[in-house]
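Below is one structure; the comments refer to it alone.
The values are calculated or read from the model by the stated rules, or taken from the named source; none is laboratory data. Just so you know, these numbers come straight off a predicted model, no measurement behind them. Cβ: placed from backbone, ideal geometry, glycine included. Neighbour counts: every protein chain shown. For the accessible areas, the whole protein counts, side chains as well, though only heavy atoms, and no ligand, DNA or RNA atoms are used. Shrake-Rupley method; radii C 1.70, N 1.55, O 1.52, S 1.80 Å.
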Amino acid sequence: MKNKPALPYLLALPGIAIFVAMLYPFLTGAWWSFNSYRLNRGDPEFNWGQNFVSLFSTGEGQHAIGVTLTYAFVVVVAECVLGIGLAMLLNYGRYGNAFRLLIVLPLLLPPVIAALMWNVMLTENGVVNWFLEALGSQRLLWLSGPDSALWSVILIDVWIYTPFVVLLAQAGLKSIPSELREASAVDGAGPIRNFVSVTLPMLMPVLIVIITFRGIDSLKMFDIIYTTTQGGPVDATTNLHVLAYLDGIRNLNFGMAMASLMVLWALCYLISFLLLKARRKEAMA
C-alpha cells in the first residue's frame, strides 16, 4: 500500500524517457544555433544570435530562403492542381480503374532512385534531349543550367509526389454525395460552377491535409535536390536544408547549420499551425 502512490510515476517513466529522448536533440540544436561552433575550433561560444543575423543579411542565406519558399510554393500549387484534376478524371472518366494502378507507380519508387533516374534522363545526351531533337527543338541544360536547374528539380518532385495528392483527392471526392452534384446540375450549374460551388468546398478538409503534408515536405526537401544537383549549379538549387548540410558537414560550422535548420523548423511549424487552425475553424463553422 505504501508503494501504491508511486505506481503512476513509475508507469509514466517510459513516456517521460521517450519525451526527453525526442526533445534533447532538438534543444541541443537550438542551443548551437545561438553559438559560434565549429568542430575544429573548440567549444561553442554564445554569440547572441549572430548566426541568424548572418543568415538573413548575407546573399547566400537570403538566396537559400528564397529558393526554399519558391520551391515549396510552386511544388504545392502544381501538385494540387494536377492531382485534383487527375483524381476527377479517374473518378468520373471511363477508364479510371485502368489508369489508377499506373498513376501510383512513381510514388512506389524511393525518391533517391527516382531522382537518379531523372538525373540520367535529363543529362545533355539523355533521352529527354533526344526526344526534343527528334521534334526539331534544341537541347536544354535541364539540371546543369543556372536558370533551368530549379525548375527541373521541381519537375521531378511533381512527377514523384503528384500521385500522393491523387490518392487523397480521390478519397475526398468519393465522400461527396452525388446528390449534391445532381441537384446543382438540375439548378442549371455547369461543370465549372459545379466544381467551384460544390466539389471544391466539400474537398477543402482533404485539401488542407494535402497542403500541410506537401508544404512541410517541400520546405525541407533534401534528397531530390542533393541527388540531382547537390545545390548547384552556382547555388541555383541550394535551399535551407542543403545549405545546412553544406555548412555542417563540409564546413564543420554547426552553429550556422543549426541556425538554418531552426529557420526551416519555424517555417514548417508556421505553415502547419496556420493550416490546422483554418481546419479547426472550418470544422466548427
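Identify all residues within the stretch 231-248 that are under 18 Å from PHE34 (Cα atoms) and without any contact (Cβ under 8 Å) to a residue 40 or more places away in the chain; write none if there are none.
ALA244, TYR245, ASP247, GLY248
Are there helices (runs of 4 or more DSSP H) fully within the stretch 78-142 with at least 2 residues that are surrounded by 11 or more Cβ atoms within 10 Å (Cβ to Cβ) and either without any contact (Cβ under 8 Å) to a residue 24 or more places away in the chain or more than 23 Å from the chain's Cα centre (by Cα) (or both)? List them. Explain how you work it out, then say what you get.
Working: elements: 96-103, 105-108, 111-121, 127-134.
By residue number, 96-103, 111-121, 127-134.
So ALA72 passes all but one of these: (1) open to solvent by 30 Å² or more (accessible area, probe 1.4 Å); (2) under 30 Å from VAL153 (Cα atoms); (3) not basic (Lys, Arg). Which condition number does it fail?
Failing condition for ALA72: (1).
Just name the residue that is farthest from THR227 (Cα to Cα) out of those in the stretch 150-193 that are under 27 Å from the mean Cα position of the chain (by Cα) and of a type in the set (S, T, N, Q).
So, considering only residues that are under 27 Å from the mean Cα position of the chain (by Cα) and of a type in the set (S, T, N, Q), the one farthest from THR227 (Cα to Cα) is SER175.
Pull out all pairs, ordered by first then second residue, where Cβ-Cβ is under 7 Å, the residues are six or more apart or on different chains, the first lies in the stretch 196-225 and is in contact (Cβ under 8 Å) with a residue 24 or more places away in the chain, and the second is basic (Lys, Arg).
PRO205/ARG279; ILE208/ARG279
So is THR237 more than 30 Å from GLU124 (Cα to Cα), of a type in the set (S, T, N, Q) and open to solvent by less than 60 Å² (accessible area, probe 1.4 Å) or not?
No: the conditions fail for THR237.
Given the structure, is ASP157 of a type in the set (D, E, K, R) and open to solvent by less than 60 Å² (accessible area, probe 1.4 Å)?
When the stated conditions are applied, ASP157 passes them.
Can you name the residue in the stretch 17-38 that is of a type in the set (A, V, I, L, M, F, W, C) and open to solvent by less than 90 Å² (accessible area, probe 1.4 Å) and is also farthest from ALA259 (Cα to Cα) among such residues?
Here the answer is ALA17.
Counting just the residues of the stretch 166-186 that are of a type outside the set (S, T, N, Q) and open to solvent by 60 Å² or more (accessible area, probe 1.4 Å), which one comes out farthest from VAL104 (Cα to Cα)?
Among them, the one singled out is VAL186.
Which residue out of GLY255, GLY248 is in contact with a strand residue (DSSP E or B) (Cβ under 8 Å, 6 or more places away or on another chain), surrounded by 14 or more Cβ atoms within 10 Å (Cβ to Cβ) and not in a loop (DSSP other than H, G, I, E, B)?
Values: GLY248 fails: in contact with a strand residue (DSSP E or B) (Cβ under 8 Å, 6 or more places away or on another chain).
Selected residue: GLY255, the only one of GLY255, GLY248 that is in contact with a strand residue (DSSP E or B) (Cβ under 8 Å, 6 or more places away or on another chain), surrounded by 14 or more Cβ atoms within 10 Å (Cβ to Cβ) and not in a loop (DSSP other than H, G, I, E, B).
Could you check how many residues of the stretch 261-275 are in contact with a Leu (Cβ under 8 Å, 6 or more places away or on another chain) and open to solvent by less than 50 Å² (accessible area, probe 1.4 Å)?
5
Quick check on the stretch 39-67: of everything there that is among the hydroxyl-bearing types (Ser, Thr, Tyr) and part of a helix (DSSP H, G or I), which residue is surrounded by the fewest Cβ atoms within 10 Å (Cβ to Cβ)? Outline the logic, then answer.
Quick first cut of the stretch 39-67, residues among the hydroxyl-bearing types (Ser, Thr, Tyr) only: 54, 57-58.
If we keep only those that are part of a helix (DSSP H, G or I) too, we end up with 54, 57.
On the way: SER54: 15, SER57: 9.
Out of the qualifying residues, it is SER57.
What number of residues within the stretch 201-232 satisfy the criterion of being modelled with pLDDT of 90 or more, out of contact with any His (no Cβ under 7 Å at 6 or more places or on another chain) and not in a helix (DSSP H, G or I)?
Number satisfying all stated conditions: 3.
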